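Shown next, in structure tokens, is the structure this report addresses.
The values are calculated or read from the model by the stated rules, or taken from the named source; none is laboratory data. Quantities reported herein were computed from a predicted structural model and do not represent experimental measurements. Heads up, the Cβs are rebuilt from the backbone with ideal geometry, glycines too, and the neighbour counts pull from every protein chain shown.
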């Protein structure tokens, strides 16, 4: 393990340990290894004592909330450039598939976590705000807009989960995104008809 200099330790004492830990956790989630992200392992990776991270995150759940907040910020940056429903859904799906382990951490956060953590709530709020703007621009009231966004989110997240777990017919991520848009009614069917999302052995059961 590299030895920290006095300057490094001073920097960490001034709060950079939190940022360094989050960056290390995000890097591990983006790596090809399937090893779990832990406070102890992250502390070892950045060269600080375990209790230094406990001071910032308390426990693993707190660390995962911080990682999830960073994930929602990145997702918000991705969808912010979209200007319609199809673009939003496509950008959301591509992010989820490209950052599968981080997306899983984001989606594992319970409702209570968003209520209790201002940083997580603000980050996810950026995504929700953009979703309302492009998915429900003409909603007559807030409740109608919320339901429109929830319907699109449930369909998109469900499709992503089915594709990621291999339940659907194997296809590239881009082919899946294209089919997801067709299923969501955000892109026209192909001239020869919609693609089957199931294997050939199930085709006799398709409508």
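Just one of the numbered conditions (1) assigned by TED's automatic domain parsing to the domain that holds residue 172; (2) more than 16 Å from the chain's Cα centre (by Cα); (3) touching a residue at least 40 places away in the same chain (Cβ under 8 Å) is not true of residue 21: (1). Is one or more of the residues making up the stretch 48-62 out of contact with any helix residue (DSSP H, G or I) (no Cβ under 9 Å at 6 or more places or on another chain) and closer than 27 Å to residue 154 by Cα? Checked the stretch 48-62: no residue is out of contact with any helix residue (DSSP H, G or I) (no Cβ under 9 Å at 6 or more places or on another chain) and closer than 27 Å to residue 154 by Cα.
Could you check, for the stretch 183-191, whether at least one of its residues is more than 22 Å from residue 74 (Cβ to Cβ) and within 18 Å of the chain's Cα centre (by Cα)? Can you show your working first?
Here is the first cut: in the stretch 183-191, the ones more than 22 Å from residue 74 (Cβ to Cβ) are 183-191.
Subset that is within 18 Å of the chain's Cα centre (by Cα): none.
No, the conditions are met nowhere in the stretch 183-191.
Among all positions in the stretch 134-148, there is at least one residue which is touching a residue at least 24 places away in the same chain (Cβ under 8 Å) and assigned to a helix (DSSP H, G or I).
Residue by residue, here is whether (1) surrounded by 14 or more Cβ atoms within 10 Å (Cβ to Cβ); (2) in a helix (DSSP H, G or I); (3) at pLDDT 90 or above holds:
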| position | (1), (2), (3) |
| --- | --- |
| 43 | yes, yes, yes |
| 62 | yes, yes, yes |
| 69 | yes, yes, yes |
| 77 | no, yes, yes |
| 83 | no, no, yes |
| 88 | yes, yes, yes |
| 93 | yes, yes, yes |
| 112 | no, yes, yes |
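Taking the numbered list (1) in contact with a helix residue (DSSP H, G or I) (Cβ under 8 Å, 6 or more places away or on another chain); (2) surrounded by 12 or more Cβ atoms within 10 Å (Cβ to Cβ); (3) at pLDDT 75 or above in turn, residue 35 passes all entries but (2).
So for the stretch 138-146 (the condition being surrounded by 14 or more Cβ atoms within 10 Å (Cβ to Cβ), modelled with pLDDT of 95 or more and within 15 Å of residue 89 (Cα to Cα)), does at least one residue qualify? Walk me through how you get there before you give the answer.
As a first pass, look at the stretch 138-146 and keep what is surrounded by 14 or more Cβ atoms within 10 Å (Cβ to Cβ): 139, 145-146.
Filter once more, so that each one left must be modelled with pLDDT of 95 or more: 139, 145-146.
Retained after the next criterion (residues that are within 15 Å of residue 89 (Cα to Cα)): none.
Checking the stretch 138-146: not a single residue is surrounded by 14 or more Cβ atoms within 10 Å (Cβ to Cβ), modelled with pLDDT of 95 or more and within 15 Å of residue 89 (Cα to Cα).
Results for (1) exposed (fewer than 10 other Cβ atoms within 10 Å of the Cβ); (2) at pLDDT 55 or above; (3) not assigned by TED's automatic domain parsing to the domain that holds residue 94, shown as yes or no for each residue.
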residue	(1), (2), (3)
153	no, yes, no
162	no, yes, no
167	no, yes, no
172	yes, yes, no
176	no, yes, no
202	no, no, yes
206	yes, no, yes
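Taking residue 101, is it part of a helix (DSSP H, G or I) and more than 30 Å from residue 135 (Cβ to Cβ)? It is false that residue 101 is part of a helix (DSSP H, G or I) and more than 30 Å from residue 135 (Cβ to Cβ).
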